[in-house]
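Here is the structure we will look at, set down as structure tokens.
The values are calculated or read from the model by the stated rules, or taken from the named source; none is laboratory data. Here the structure is a predicted model, which is why all the values come from computation and not from measurement. Glycine also receives a Cβ, built like all others from the backbone with ideal geometry; neighbour counts cover every protein chain displayed. Ligands, DNA and RNA are stripped out before the accessible areas are found, and what is left, the full protein with its side chains, is counted by its heavy atoms. Shrake-Rupley method; radii C 1.70, N 1.55, O 1.52, S 1.80 Å.
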Amino acid sequence: MHCHLIAAVVSAGSASLVVSSVCTGQLVHFELIPVGISSDAAPFTGAAAGDLDGDGDIDVVANTGNRIWMFISSGGAMPTFQRVELAVEPEQPSSVVIADLDRDGDLDVAASCVKIGSQSMAVWYENLGGAPLIFSRHPINVAGQSVHVIVADLNRDGRPDLVSAAAQGSASAMWHENTGSTPLSFVSHAIGPPRNHHSVATADLDRDGDPDIVLCGASPGDSSWFRNSNDGQTLTEEITPIGNLTAVHHVLVADFDLDGDLDVVAGSPIIGPSQVVLFRSDGASNPIFAPAETIGIDSSETLAQADIDCDGAVDVISAAIQDNKIIVYRNDQNGPPIFTRVVAASVTKPNFVSASDLNLDGLPDILVTANNDDTVYWLRQIHCSADLNGDRVVNGGDISFVLNAWGLCP
């Protein structure tokens, strides 16, 4: 898991090859790089990545409590980012997401909002193009506070919908159905009763072809999953194992044990014996989830998922807010999987993480924001030059690669 100087010698008769400065172990190494800061010293609470200006590079959108900022990438292996104000948002944005909501070929932005008394649980910003980029604000008028918004096509009509989680029991979670109209409008549908939700995820848990909904919350009973049995028109609440956990702030859904069905990972920021846990599905049409299996004991404000080490298994990334660290839990591909804890960076009070390849080098990077910090950070995953055959492990296979390519030295 670290780098040091070694020398490997392969001999055949009088021939030899020397390889030095080799990284040992699986290659998971990060460099913490500032993307940009807010102009008013306000801390960021969320971020998303995508090619907003259509130039082939990955840009960043991030929100503070009253503004949404764009950071436009210069491109290349080590991009720099130009800060541009996307909008002043009076409804206090709590999270942002990027998608082509109006299907006009460019990426739009949506935000959840938490202002008390707000009439907009979610807002979307239409990308009008131009240089600099211009966005037009469109509120989605539903009373309540929303802490998290995601994109999902719940009714499988080919149009990206929005799903938002409501906070403090102020309203139900909502499915904002994309009507496809011109100008674009959304029809909002309540998902269950009002509860204190923190996060929402969508995936086909019962494997019937349509995306189901997982909601997590602050108290036992605030977390549940909803079976989508009629293209979004019938959402039936089901018993979920994460309902017994307290203060769940984020959920992920993926096939973590590589058995072909979707599992759930939940994270909590409250200090305790088990803060990041895995619930493995049995794969049935009415899935039963195994009791919680501990992934990590670090506090977790938010989670993200990606195959960080490119080994074919989904790893877990955690903003360990009480531990002041960004943690990567590497999945060993076994069933049940064992996760190895890797500290990717030390960051004071991190409140958000997401995965994206910002420099397009084929390696997942990590976006980070933190409480009391006016900076968005890029955790750049670093190549090791000793991985000569590109299999992400440094071993004798790299020496064999050189020998096969060039032969032995005369």
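Conditions tested, residue by residue: (1) surrounded by fewer than 20 Cβ atoms within 10 Å (Cβ to Cβ); (2) assigned to a loop (DSSP other than H, G, I, E, B); (3) in contact (Cβ under 8 Å) with a residue 60 or more places away in the chain; (4) out of contact with any strand residue (DSSP E or B) (no Cβ under 6 Å at 6 or more places or on another chain).
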{"residue": "265", "(1), (2), (3), (4)": "no, no, no, no"}
{"residue": "269", "(1), (2), (3), (4)": "no, yes, no, yes"}
{"residue": "283", "(1), (2), (3), (4)": "yes, yes, yes, yes"}
{"residue": "304", "(1), (2), (3), (4)": "no, no, yes, no"}
Any residue at all in segment 104-116 that is at pLDDT 95 or above, within 24 Å of residue 223 (Cβ to Cβ), among the acidic types (Asp, Glu) and part of a strand (DSSP E or B)? no
Can you say whether residue 210 is open to solvent by less than 30 Å² (accessible area, probe 1.4 Å) and modelled with pLDDT of 90 or more, as far as the supplied structure shows? yes
Would you confirm whether any residue within segment 192-211 is in a loop (DSSP other than H, G, I, E, B), closer than 21 Å to residue 354 by Cβ and in contact with a Leu (Cβ under 9 Å, 6 or more places away or on another chain)? yes
Among what's in segment 356-386 and is modelled with pLDDT under 75 and open to solvent by 30 Å² or more (accessible area, probe 1.4 Å), pick the residue that is nearest to the chain's Cα centre (by Cα). 383
Looking at (1) open to solvent by less than 30 Å² (accessible area, probe 1.4 Å); (2) in a loop (DSSP other than H, G, I, E, B); (3) closer than 29 Å to residue 237 by Cβ, can you tell me which one residue 298 breaks? (3)
Can you confirm whether residue 327 is among the β-branched types (Val, Ile, Thr), open to solvent by less than 20 Å² (accessible area, probe 1.4 Å) and closer than 22 Å to residue 251 by Cβ? yes
Matching residues in segment 336-353 - criterion: being more than 14 Å from residue 294 (Cα to Cα) and surrounded by fewer than 22 Cβ atoms within 10 Å (Cβ to Cβ): 342, 343, 345, 346, 348, 349, 351
Can you go through 49, 77 and tell me which one is of a type in the set (A, V, I, L, M), open to solvent by 20 Å² or more (accessible area, probe 1.4 Å), within 18 Å of residue 362 (Cα to Cα) and part of a loop (DSSP other than H, G, I, E, B)? 77
From the list 154, 205, 162, which one is in contact with a Pro (Cβ under 9 Å, 6 or more places away or on another chain), open to solvent by less than 10 Å² (accessible area, probe 1.4 Å) and closer than 17 Å to residue 99 by Cβ? 154
Within segment 311-343, count every residue that is assigned to a strand (DSSP E or B) and of a type in the set (Asp, Glu). 1
